[in-house]
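Below is one structure; the comments refer to it alone.
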Amino acid sequence: MSNKDTFITMCHTIYDEIHGKEKVKKLFYPIKEVELNILINIYNNEFYKRPRMIQNYIESINTIENKIKLFGDKELDTSLFYINALQHYINKDY
């Protein structure tokens, strides 16, 4: 199983009950294997600059929306979801 397949499965395990399957698909399905591997590399090697670097990288991927609506009109940067998901994925605590 590829990193992407394992990552997507993990995201469904963690987030479906909280945010719903469709929102998880919208957030995480557009990422390509190579892009995910770059994010994993940033997460592992750039501790202090990690949040900004991940945000900048997510914003550079034109297939991923930069903001996601949560409840009502509240929006959150997509990069925050990725940072949280990467933490779980890398630590294997899912």
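So if we plug the beta-carbon distance of Asn45 and Ser2 into 1/(1 + (r/R0)^6) with R0 = 25 Å, what FRET efficiency do we get, rounded to 0.05?
Once rounded, the FRET efficiency stands at 0.75.
So what's the convex hull volume per residue for the Cα atoms of region 51-94, in Å³?
So the per-residue Cα hull volume is 85 Å³.
Enumerate lysine pairs in region 15-69 that are 8 or more residues apart or on different chains, then count those whose Cα atoms are under 13 Å apart.
Working: Lys23/Lys67; Lys23/Lys69; Lys26/Lys67; Lys26/Lys69.
Lysine pairs meeting the criterion: 4.
Output the relative contact order of region 37-79, whole-number percent, from Cα pairs under 8 angstrom with separation of 6+ residues.
The normalised contact order for region 37-79 reaches 29 percent.
Quick one: plug the Kirkwood hydrodynamic radius of the chain (C-alpha pairs) into Stokes-Einstein at 10 °C, 1.306 mPa s, and report D in µm²/s.
Once the numbers are plugged in, D ends up at 118 µm²/s.
Starting with the fewest neighbours, write out Asp73, Asp93 ranked by other beta-carbon atoms found within 10 Å of each beta-carbon.
Values: Asp73 6, Asp93 9.
Going from sparsest to densest Cβ surroundings: Asp73, Asp93.
Coordinate-derived values only; no laboratory data. The model shown is predicted, which means the values in this text are computed figures rather than measured ones. Note: ideal-geometry Cβ built from the backbone for every residue, glycine included; neighbour counts use all protein chains shown.
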